[in-house]
Amino acid sequence: MSVKPPTWISLWFLLTAPVIFWDASYCFMRPRSFEGGDLHWIWAPYSIYQNIDLVYGVRAWEEMDGFTNAQSLMNIVETFLNLVYLYLAHFTQWPAAPLIGFTSVTLTLAKTVLYWLQEYYCGYCKVGHNTVRDLIQFWIIPNGIWIVVPSLIVWKMGQDLCRRLATGTKMKKT
């Protein structure tokens, strides 16, 4: 059994890495990355997003809300694991590589669901000020992608891991 994932999974892990690093660097470079900051030009689209999702905004920074950087650090860990998985699956063919990929994408999914649940349980305290159109366009759709695609990857990789375990169990019994 090959440890290489389907192309769409490899592409997701590979193409999301620069997005994650760009996002995390915005968070870690606050307040310099804010609109009006000397480094804002690197993150110009965040002039919209910092006002859509207040977790990314000035007030969260001023109130020393640690969630933004905590989730950014977790994003970096997950992305590092994604890249390690790709290397191990595509270049070394290490049999345990799928477990690393499954673990990293499960972390991503769980953290994203936590992000949404935090909004729900605080009464939409960071995004509730938006119009429905802005909320859908700038928060639900972009963040929803980080629930849908990782969910599909968890499902596919989970099936593959179960198949491997079943095959290994059958081989051990004979």
Item checked: Pairwise Lys count, the chain - Cα closer than 28 Å, eight or more residues apart or different chains -> 10
Margin query: As I understand it, the dipole of the chain uses +1 on the Cβ of Lys and Arg and -1 on the Cβ of Asp and Glu, about the Cα centre. Which of V19, A44, T108 lies farthest toward its positive end?
Written below: T108
Margin query: Using the Karplus curve 6.51 cos²θ - 1.76 cosθ + 1.60 with θ = phi - 60°, what ³J(HN,Hα) values do you get for each residue of the stretch 122-129, in whole Hz, with x for Gly and Pro?
Written below: 9, x, 6, 5, 9, 10, x, 7
Next item on the list: At 15 Å minimum axial length over the Cα atoms and a Kyte-Doolittle cut of 0.5, report the qualifying DSSP H helices in the chain, or say none.
Entry: 7-28, 67-87, 97-121
Check: Å³ per residue of the Cα convex hull, for the chain?
Finding: 123
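Local charge sum around W146 (other residues, Cβ-Cβ under 12 Å, Lys/Arg +1, Asp/Glu -1)?
Value of the local net charge: -1.
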Note to self: If I histogram all Cα-Cα distances within the stretch 61-126 using bins 5 Å wide from 0, what percent of pairs lands in each bin?
What the structure shows: 4, 16, 19, 19, 14, 10, 8, 5, 4, 1
Check: Over what distance in Å are the Cα centres of the stretch 1-31 and the stretch 98-124 separated?
Finding: 15
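Rule-based calculations on the coordinates, nothing more; no lab input. None of these values were measured; they are calculated from a predicted model. Don't worry about glycine lacking a Cβ; one is built from the backbone with ideal geometry, like all the others, and counts go over all protein chains shown.
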